[in-house]
Amino acid sequence: MHTLLFILGTRPEAIKLSPLALHFRNFKSDFDVKVCLTGQHREIVHQSLDVFGLTPDIDLDLMLPGQTLFQSTSRILSALEAVFASVKPDLVFVQGDTTTTFCGALAAFYAGVPIAHVEAGLRTWDLLRPFPEEANRQMVGRLTTMHLAATPWAAENLKREGIAETSITVTGNTGIDALLLTLKTLPAHHWEFLHPDRKLILVTGHRRENFGEGFERFCRALLRLSMRPDVQLVYPVHPNPKVRGPVEAILGGCSNIHLIAPQDYLPFVDLMRRSYLIITDSGGVQEEGPSLGKPILVSREVTERPEAVDAGTVRLVGTDEDKIVREAEVLLDNSEEYARRSTIHNPYGDGQASPRIEQAVRAYFAAL
Ligand code: UD1
Ligand code: UDP
């Protein structure tokens with residue numbers, strides 16, 4: 001029997017680790033699965049966990065409103081010491097690139113516990129974009145024992161950094177496991193405010209490097225797009241005060257932009273499915289869009305997920321107001337271009353990442 005400790009703290013970690021933790025829980029005689037929630041996020045992590053029915057064993061409940069990176073990092077790292085002392089895991093799972101991911105990996109390293117990093121090897125090689133996520137990924141990569149790369153490109157990045165090939169497995173992304181599973185039974189959600197004849201532009205945005213002027217330009221572009229009579233914008237607003245502030249100030253009075261609360265995962269997938277076009281700086285949404293055949297404009301200068309850019313579904317537009325409007329108008333007005341960029345493809349996974357990770361973990365323990 002091996003004890004696996006899953007450490008997660010934010011919405012994307014809850015969505016991407018739930019299918020995996022639940023998969024391991026199917027093998028009760030082989031694995032004792034413990035889930036520790038750092039509480040880096042509060043409401044939006046619970047609304048994701050509830051959808052999958054994953055109950056945490058430990059909830060550190062550490063979120064502070066408007067927390068700084070210093071606060072979240074120090075609080076999470078300190079609190080994890082006692083978790084390791086009581087759970088005594090044989091392997092720790094962390095996912096992605098958040099503060100929780102970095103602290104979870106560092107705590108495991110200090111406690112002498114091997115680390116399995118889910119979604120390893122994403123890189124922009126620009127430490128400031130995304131900030132601080134690129135640094136978190138690179139630091140976690142130095143500490144990790146099992147590098148679980150979603151795509152061959154991510155695996156190549158790790159090899160180029162000198163990571164032994166034997167410690168890397170290409171698995172697909174567990175977020176695509178979650179999405180494909182969800183789509184099988186997803187009921188149509190009723191959206192009272194949606195107009196049946198207008199194209200839906202779905203928007204999300206929360207990257208730290210866009211805070212301030214970048215975010216204001218992004219909002220002004222949305223305002224200009226909302227003037228078109230053939231579109232409607234829906235924007236579930238991230239609860240970070242640095243996001244909510246400018247969004248509500250610039251877009252609050254606009255009747256054609258529906259600012260709504262962060263959505264549970266199922267209605268959010270329904271919104272993605274109904275959308276004509278998605279404008280986002282999210283990592284996860286960049287992976288989900290291509291699987292749904294939705295063109296995506298990414299409001300960032302660089303991306304660690306180039307596969308869908310190469311395939312044409314995703315285009316980088318930064319936070320240049322004119323460029324966002326121009327690129328959206330191309331998709332709205334040119335049906336041939338829209339058709340070319342809205343083909344369904346899954347560069348990020350085939351829905352089988354969890355069983356592949358299970359096999360890699362079994363092989364790891366068998367070789368000890
Ligand atoms: C974090 C991650 C980012 C990830 C994003 C996913 C870091 C440094 N950043 O950014 O990589 O893409 O989550 O959404 O780890 N808040 C609430 N309720 C919640 C969640 C957040 O009120 O359920 C508010 C709080 O005021 C909190 C603030 O948002 O202090 C910021 O949360 P934090 O986790 O520090 O950063 P995010 O911007 O959410
Ligand atoms: N998501 C959600 N509700 C929302 C917005 C996003 O469930 O209102 C999901 C989305 O489908 C994706 C994940 O949250 O799976 C992405 O999280 P986020 O954009 O917060 O973080 P990132 O992926 O950028 O780290």
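The values are calculated or read from the model by the stated rules, or taken from the named source; none is laboratory data. Just so it is clear, the model here is predicted, and its values are computed rather than measured. A quick note on method: Cβ atoms are made from the backbone with ideal geometry, for glycine too, and the neighbour counts reach across all protein chains shown. Heavy atoms of the whole protein, side chains included, go into the accessibility calculation; ligands, DNA and RNA do not. Shrake-Rupley method; radii C 1.70, N 1.55, O 1.52, S 1.80 Å.
Going by accessible area, probe 1.4 Å, with all protein chains left in place, what is the ranking of Tyr276, Tyr235, Tyr110, largest first?
Ranked list, largest accessible area first: Tyr110, Tyr276, Tyr235.
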For Met146, distant residues with modelled amide H under 5 Å away: Ile115, Ala116, His117
Relative packing of 87-93, 221-227, 295-301, which averages over residues the other C-beta atoms within 10 Å, highest first: 295-301, 87-93, 221-227
MRE, 222 nm, helices only [DSSP H, n ≥ 4, -39500 (n - 2.57), over the chain, to nearest 500]: -14000 deg cm²/dmol
Sequence-distant residues sharing a close amide H with Lys199 (under 5 Å, placed H): Val231, Gln232
Helix 133-143 vs. the chain, principal-axis angle (Cα, 0 to 90°, nearest 10): 20
Qualifying trypsin sites (Lys or Arg not before Pro) for segment 6-115 [loop in DSSP, other Cβ within 10 Å: at most 14]: Lys28
Note, ³J(HN,Hα) from phi for segment 270-277, Karplus 6.51, -1.76, 1.60, rounded to Hz, x at Gly and Pro: 4, 5, 4, 4, 7, 6, 8, 7
Solvent-accessible ranking of Tyr364, Tyr348, largest area first, probe 1.4 Å: Tyr364, Tyr348
Phi-based couplings in Hz for segment 116-132 (Karplus 6.51, -1.76, 1.60; Gly and Pro marked x): 10, 9, 7, 6, 6, x, 5, 8, 10, 6, 10, 4, 9, 9, x, 9, x
Two-site label geometry, Asp310 and Ala363: point separation in nm, points 7 Å out along Cα→Cβ: 2.3
Degrees between helix 11-25 axis and first principal axis of the chain (Cα, 0 to 90, nearest 10): 40
R0 of 30 Å, Cβ-Cβ distance Lys199-Thr145: FRET efficiency to nearest 0.05: 0.05
C-alpha long axis of helix 174-185 to longest principal axis of the chain, angle in °: 60
Derived scalar couplings ³J(HN,Hα) [segment 285-302; Karplus, 6.51 cos²θ - 1.76 cosθ + 1.60; whole Hz; x for Gly, Pro]: 5, 4, 8, 6, x, x, 5, 9, x, 10, x, 10, 9, 9, 7, 8, 7, 9
